[in-house]
1. Checking the condition open to solvent by less than 40 Å² (accessible area, probe 1.4 Å) and at pLDDT below 90, which residue from Ala25, Ala34, Ala29 passes?
2. Report, by residue number, each residue of region 30-49 that is in a strand (DSSP E or B) and either among the β-branched types (Val, Ile, Thr) or farther than 18 Å from Asn110 by Cβ (or both).
3. Give Trp52, Trp90, Trp75 a once-over and let me know the one that is outside any strand (DSSP E or B) and aromatic (Phe, Trp, Tyr).
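The values are calculated or read from the model by the stated rules, or taken from the named source; none is laboratory data. None of these values were measured; they are calculated from a predicted model. Because the Cβ atoms are built from the backbone with ideal geometry, glycine has one as well, and the counts that use them run over all protein chains shown. Areas reflect the complete protein model, heavy atoms only, side chains present, ligands, DNA and RNA absent. Shrake-Rupley method; radii C 1.70, N 1.55, O 1.52, S 1.80 Å.
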Amino acid sequence: MTAVKVLSSTRISAAVAASLLVAVAIPVAAHHSAAPFDMTRKISISGTVEKWVWSNPHSWLYIRTTKPGGAQEIWGFEAGSAGMLARSGWNSGDMKTGDKVTVTASPSRNGRTVGLISEVKLASGKVLGAGFGAPPPGVAPGN
């Protein structure tokens, strides 16, 4: 083999190896756990929907609430993926800007105004569960 072919082959191998490393690293970096949230505590926040983001890998609900004294703040609540929520009875049209909701969630460990949704109670009285661990459609829990 000539020196040019060896060099070319080495460059291709390095490029393939780098591509594989990136392909493996991206999903690992994108995945995260509930570690930022204090799962031993629950808070209940009532407010008005600012934004409902139905998406993957996580959906987000943002509500405006009024603190004692009249100051307003925005809370962000993380939920499961759109598919996981759909299997639990949610849909993208459940909430819209201006709707009144009460969110029960595990709060952030660092005091930020974010939480991990346990349930959302709509003004109609309908309660949407977290959806984490929901079985696929047509499969009874425990089967």
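1. Ala34
2. Within region 30-49, Ile43, Ser44, Ile45, Ser46, Gly47, Thr48, Val49 qualify.
3. Exactly one residue qualifies, and that residue is Trp90.
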